[in-house]
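What follows draws every value from the coordinates through simple rules; no lab data is involved. It should be emphasised that the depicted structure is a prediction, and the values quoted were computed from it without experimental measurement. So basically every Cβ, Gly included, is an ideal-geometry build from the backbone, and we count neighbours across all protein chains shown.
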Amino acid sequence: MRITKSGKIYYIIRSIKRDGKRSSEVVERLGTDEEIMALHNCTDPRAWVDQRLKE
């Protein structure tokens with residue numbers, strides 16, 4: 001999750017190794033609280049994100 005002036009933006013990230021160094025990369029951008037509530041008809045975006053991570 002990244003917090004910006006416009007709100008929270010949720011991402012799925014994974015840890016990888018590049019040239020022997022640890023790094024992370026974005027796998028999927030899930031959206032802001034408002035986007036998630038509108039697209040997936042839910043009232044609790046955090047619960048939806050947690051459920052999505054379990055898939």
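Test of understanding: what is the full-extension gain from E28 to T43, defined as 0.36 nm times their sequence separation minus their Cα-Cα distance?
3.3 nm
From the list (i) 39, 19, 14; (ii) 45, 21, 13; (iii) 42, 29, 13, can you say which value of Cα extents along the principal axes in Å was derived from the structure given?
Evaluating Cα extents along the principal axes in Å on these atoms matches (iii).
Pull out the extension gain between S6 and D50, defined as 0.36 nm times the separation in residues minus the alpha carbon to alpha carbon distance; nm, one decimal.
Stretched fully, the S6-D50 segment lengthens by 13.7 nm.
From the phi of every residue in region 25-36, what ³J(HN,Hα) in whole Hz does the Karplus formula 6.51 cos²θ - 1.76 cosθ + 1.60 yield, where θ is phi - 60° and glycine or proline is x?
Values, residue by residue: 9, 7, 8, 7, 8, 7, x, 7, 3, 5, 5, 5 Hz.
Less than 15 Å apart at the alpha-carbon level, and either on another chain or at least 8 residues along: which aspartates and glutamates does that give for K54?
E28
List the relative contact order of the chain as a percent without decimals, with contacts defined as Cα pairs under 8 Å and 6+ residues apart.
26 percent
Identify, among I36, S24, W48, the residue whose Cα sits farthest towards the positive end of the charge dipole of the chain, taking +1 on the Cβ of Lys and Arg and -1 on the Cβ of Asp and Glu, with the dipole about the Cα centre.
Comparing the listed Cα positions along the dipole, S24 ranks first.
How would T32, T4 line up from fewest to most surrounding beta-carbon atoms within 10 angstrom?
Neighbour counts put them in this order, fewest first: T4, T32.
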